[in-house]
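Read the structure below first, then the notes.
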Amino acid sequence: MPHRKKKEKGIFSHRVVQEGEDRTLRIDCSKCNFLPSIEDNALVMSKTIELLVENKSVTKIVFYQQRDFVYEYEQTRILMQVANVYDNLVREKNLLNHQNLGFSKRYTKGFNQRFSELHNINYNLIKSDPIGAYVELKRLLRREKSALEAEIDPTYAQSLKRYIALLNSILKMLENLTLIKLAKPYIAGYHPGDRSVYHRIINPVIKPDFMFTRLMAKYPEDAEELDTYRFGNSEVMIFRLPGSIQYLYHLVPPEFQLSEEKYEILDSARSIIAEHKPKKSEFVDPERMRQVFYNVGKDLIEELVTSRSLSLRSKEIDELTRILVRYTVGFGLIEVLLSDPKVQDITINSPMGRVPVFIVHQDFDDCVTNIIPSRPESDSWASKLRMISGRPLDEANPILDTELELPDARARVAVIAPPLNPSGLAYALRRHRDKPWTLPLFIHNRMVSPLGAGVLSFLIDGSRTMLVAGTRSAGKTSLLGSLMVEIMRKYRIITVEDTLELPTTALRKLGYNIQPMKVASAMTKSSSEVSADEGIRTTLRMGDSCLIVGEVRSTEAAALYEAMRVGALANVVAGTIHGDSPYGVYDRVVNDLKVPKTSFKATDIVVVANPIKSADGMHKWRRVTQITEVRKHWENDPLLEHGFVDLLKYDSRKDKLVPTDDLINGESKVLKSIAGNVKEWAGNWDAVWDNILLRADIKKTLVEYAVKTNNMSMLEAPFVIKSNDEFHMLSDQVKEEVGNIDSKIVLSKWVNWLKSEIKKQDLQ
């Protein structure tokens with residue numbers, strides 16, 4: 001943006017620039033041989049007050065050297081108040097002369113010293129040390145009041161009273177300052193020149209000058225430290241803020257831990273590499289583009305290191321290169337946040353530069369962070385997401401849904417822009433787990449019970465149609481991904497999503513025959529992408545496959561139910577949908593999405609996942625709350641006509657899913673329908689129940705051994721898939737040997753296999 005003013009080519013040259021809603025006073029201190037710290041340096045404070053007098057519309061102050069020292073709006077406002085008082089006193093300079101205040105010439109000599117002290121306070125100390133000026137004025141006032149009490153000359157006493165009135169008027173100006181109000185608890189014993197009090201009130205955000213996003217590096221005072229951990233080269237501290245129910249997620253990324261030499265190298269490299277701005281075509285393949293920029297950046301940094309005769313290890317050069325890529329073609333500190341495996345959601349609200357980033361943490365739920373993104377950074381993200389996704393983000397399309405693939409994380413991103421969001425851009429990012437969720441992992445996290453997992457496994461092998469329902473952040477997509485892990489690898493899977501969230505890439509690497517399809521977002525008004533309903537209908541022409549739909553939310557619902565009716569007896573058809581109960585799902589499908597009532601009967605199972613909160617409202621956990629079958633013999637209302645039958649339901653006292661009498665007594669029509677297609681199970685509920693319990697026991701045993709051996713990798717998809725394969729092969733083997741799937745024999749053989757696998761891992 002064009003700057004308004006630029007003055008002084010010396011060590012305090014400055015300019016005022018418009019940065020979004022902020023008018024920023026940028027002061028160049030690159031030639032200073034000291035840190036440009038208002039709180040530490042009286043000269044810097046004095047110069048700042050003078051500049052604020054000249055530029056009264058300023059809302060932010062930035063000193064720049066190797067790092068930027070940023071004083072935000074609230075702190076700038078505090079300093080602007082001081083500048084206004086100083087300016088008023090300068091304007092009233094003639095009025096503050098004792099000859100203009102009615103003092104007799106007879107007493108002029110006696111007041112010269114007094115006014116010399118006052119002038120020093122008014123015109124020097126107030127701008128360099130306003131707290132010291134306040135303390136000195138209080139001292140002068142006490143002295144003059146004592147002198148007045150002892151004065152016997154009435155004419156001289158009148159002069160003293162006028163002088164005391166003058167001191168009181170100036171003191172009142174200072175007492176109205178926010179700075180003095182905040183400083184009063186710490187003023188006792190204060191000595192002019194001691195600047196420790198300023199550190200309690202004025203603190204800049206210090207950041208490398210190649211960063212746009214600001215990070216509050218200082219730890220909060222009086223906060224309680226709850227946890228500390230590291231990921232990569234970053235450190236996280238979790239604090240409980242005093243007098244607040246909020247937790248603070250305090251991030252210290254590697255770019256804040258570099259030496260001055262490394263900062264200089266990075267800044268130089270950024271200036272050079274910034275000359276090449278990536279084209280839209282390059283964003284078609286972000287992974288390749290990042291690799292190209294990494295290679296170029298690494299060569300450049302190595303050249304800069306050599307030219308400056310520095311000695312850096314290859315590991316250090318690699319770290320500098322990754323930081324460089326992050327702040328050129330990447331997403332800055334957001335990438336660092338997404339690299340934290342404990343971060344689940346990220347919310348960035350508008351207006352940018354005024355509010356911190358918020359996250360949802362695995363262990364501490366909702367947290368405020370020490371990260372404050374700026375408007376230039378936000379605009380840069382929006383441009384990159386438009387190019388990566390190929391989707392519009394403008395006044396006609398103020399919503400953008402897409403996915404973000406980074407070297408260390410995947411995320412779903414939602415962006416809202418004007419006019420929907422009148423104050424600018426806002427972002428919501430949902431971080432996907434690096435590996436697919438599995439049912440054993442959910443058992444370990446208590447989201448589902450072993451029996452619930454056994455029933456779901458049985459239903460998947462039985463090729464039923466399912467909807468995974470729940471509120472936002474209930475874990476619907478994660479649960480659907482865990483059900484995909486239960487599908488045998490010999491079957492083909494087709495996924496349909498408008499934003500790629502399902503773990504298709506990970507499952508492909510694990511040997512699955514899987515084909516993802518990306519369709520147009522329901523939020524986008526115009527797009528070259530194929531619509532969701534057309535995408536689903538296309539899958540019906542692609543041969544016998546399991547169909548997994550990321551989320552049912554618009555016109556694709558009719559096509560999905562068409563697929564359910566066609567594929568109900570062939571392979572699994574499943575998807576996620578918003579709804580907090582089976583009837584809520586019915587209401588959404590029939591009334592909101594206009595699917596005929598009779599078509600809804602194609603749904604076999606509704607799995608409901610919802611957040612469960614503690615009594616104090618401070619904590620929440622994800623739980624599967626219902627596994628419900630949809631019966632077919634109802635006409636108008638499945639709720640009134642017993643169309644919904646719970647197989648398992650969440651018991652809050654036990655904090656787990658418990659089986660209903662309908663399940664235990666074999667009254668499930670869906671499970672009987674599965675059994676009717678299997679020779680050994682037809683008409684034999686005991687055999688069906690025994691197989692469900694076998695699946696539950698295997699998953700429960702796997703969790704127990706993982707905990708016992710402290711090897712949680714056994715609960716991850718690679719091992720769980722091996723376990724599932726072994727279960728199916730052993731079931732087939734035992735059936736050949738004894739004529740039926742004897743659960744005790746299968747479980748015994750599977751446990752022996754598990755023990756041998758654990759021994760193999762121990763030997764590696």
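The values are calculated or read from the model by the stated rules, or taken from the named source; none is laboratory data. Note that this is a predicted model, so its numbers are computed, not measured. Every residue, glycine among them, receives a Cβ derived from its backbone with ideal geometry; neighbour counts consider all protein chains shown. Only protein heavy atoms, including side chains, enter the accessible area calculation; ligands, DNA and RNA are left aside. Shrake-Rupley method; radii C 1.70, N 1.55, O 1.52, S 1.80 Å.
Worth a mention:
- Taking the range 570-600 as the range and being open to solvent by 10 Å² or more (accessible area, probe 1.4 Å), of a type in the set (Val, Ile, Thr) and closer than 24 Å to ALA474 by Cβ as the test, only VAL590 passes.
- Residue tally, condition of a type in the set (Ser, Thr, Tyr) and assigned to a strand (DSSP E or B), over the range 387-409: 1
- Strands (runs of 3 or more DSSP E) wholly inside the range 274-375 containing at least 1 residues that are at positive phi: 365-369
- Those residues of the range 390-410 which are open to solvent by 20 Å² or more (accessible area, probe 1.4 Å) and not basic (Lys, Arg), in sequence order: GLY390, PRO392, ASP394, GLU395, ALA396, PRO398, ILE399, GLU403, GLU405, LEU406, PRO407, ASP408
- Members of the range 626-638 found to be of a type outside the set (Ser, Thr, Tyr) and either open to solvent by less than 10 Å² (accessible area, probe 1.4 Å) or more than 39 Å from the chain's Cα centre (by Cα) (or both), listed by number: ILE627, GLU629, VAL630, ARG631, LYS632, HIS633, TRP634, GLU635, ASN636, ASP637, PRO638
- Taking the listed residues THR438, THR465, the one that is closer than 21 Å to TYR583 by Cβ, open to solvent by less than 10 Å² (accessible area, probe 1.4 Å) and among the β-branched types (Val, Ile, Thr) is THR465, with no other qualifying.
- Which listed residue, of GLU501, GLU534, is over 27 Å from ILE674 (Cβ atoms), touching an Asp or Glu at 6+ places or on another chain (Cβ under 9 Å) and at pLDDT 85 or above: GLU501
- Taking the criterion of being out of contact with any His (no Cβ under 8 Å at 6 or more places or on another chain), within 26 Å of LEU385 (Cβ to Cβ) and polar (S, T, N, Q), the residues of the range 303-347 that qualify are THR321, THR328, SER339, THR347.
- Test: residue in the range 242-255 that is open to solvent by less than 80 Å² (accessible area, probe 1.4 Å) and of a type in the set (Val, Ile, Thr): yes
- Per the listing VAL688, VAL720, VAL707, VAL703, the residue uniquely aliphatic (A, V, I, L, M), open to solvent by 50 Å² or more (accessible area, probe 1.4 Å) and either in contact with a helix residue (DSSP H, G or I) (Cβ under 6 Å, 6 or more places away or on another chain) or touching a residue at least 60 places away in the same chain (Cβ under 8 Å) (or both) is VAL707.
- Within the range 17-55, if we keep just the residues that are assigned to a loop (DSSP other than H, G, I, E, B) and among the hydroxyl-bearing types (Ser, Thr, Tyr), the residue that is nearest to the chain's Cα centre (by Cα) turns out to be SER37.
- Residues that are in contact with an Asp or Glu (Cβ under 8 Å, 6 or more places away or on another chain), in a helix (DSSP H, G or I) and open to solvent by 80 Å² or more (accessible area, probe 1.4 Å), drawn from the range 651-678: ASP661, LYS669
- LEU182 vs. criteria touching a helix residue (DSSP H, G or I) at 6+ places or on another chain (Cβ under 8 Å) and part of a strand (DSSP E or B): no
One line per residue, one yes/no per condition, for (1) open to solvent by less than 20 Å² (accessible area, probe 1.4 Å); (2) more than 14 Å from LEU429 (Cα to Cα); (3) out of contact with any strand residue (DSSP E or B) (no Cβ under 7 Å at 6 or more places or on another chain):
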| position | (1), (2), (3) |
| --- | --- |
| ILE301 | yes, yes, yes |
| LEU304 | no, yes, yes |
| ILE346 | yes, no, no |
| MET352 | no, yes, yes |
| LEU385 | yes, no, no |
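- Lone unmet requirement of (1) at pLDDT below 80; (2) under 20 Å from LYS669 (Cβ atoms); (3) surrounded by fewer than 20 Cβ atoms within 10 Å (Cβ to Cβ); (4) not polar (S, T, N, Q) for GLY567: (3)
- Selection from the range 141-155 of residues that are among the small types (Gly, Ala, Ser) and either within 60 Å of the chain's Cα centre (by Cα) or surrounded by 10 or more Cβ atoms within 10 Å (Cβ to Cβ) (or both): SER146, ALA147
- Residue in the range 625-632 that is in contact with a helix residue (DSSP H, G or I) (Cβ under 9 Å, 6 or more places away or on another chain), within 23 Å of SER743 (Cβ to Cβ), of a type in the set (Lys, Arg) and not in a strand (DSSP E or B) present: no
Results for (1) β-branched (Val, Ile, Thr); (2) farther than 24 Å from TYR583 by Cβ; (3) modelled with pLDDT of 95 or more; (4) over 32 Å from the mean Cα position of the chain (by Cα), shown as yes or no for each residue.
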position: VAL624; (1), (2), (3), (4): yes, no, yes, no
position: GLU641; (1), (2), (3), (4): no, no, no, yes
position: ASP646; (1), (2), (3), (4): no, no, yes, yes
position: LYS656; (1), (2), (3), (4): no, no, no, no
position: GLY683; (1), (2), (3), (4): no, yes, no, yes
position: ALA687; (1), (2), (3), (4): no, yes, no, yes
position: MET712; (1), (2), (3), (4): no, yes, no, no
position: LEU715; (1), (2), (3), (4): no, yes, yes, no
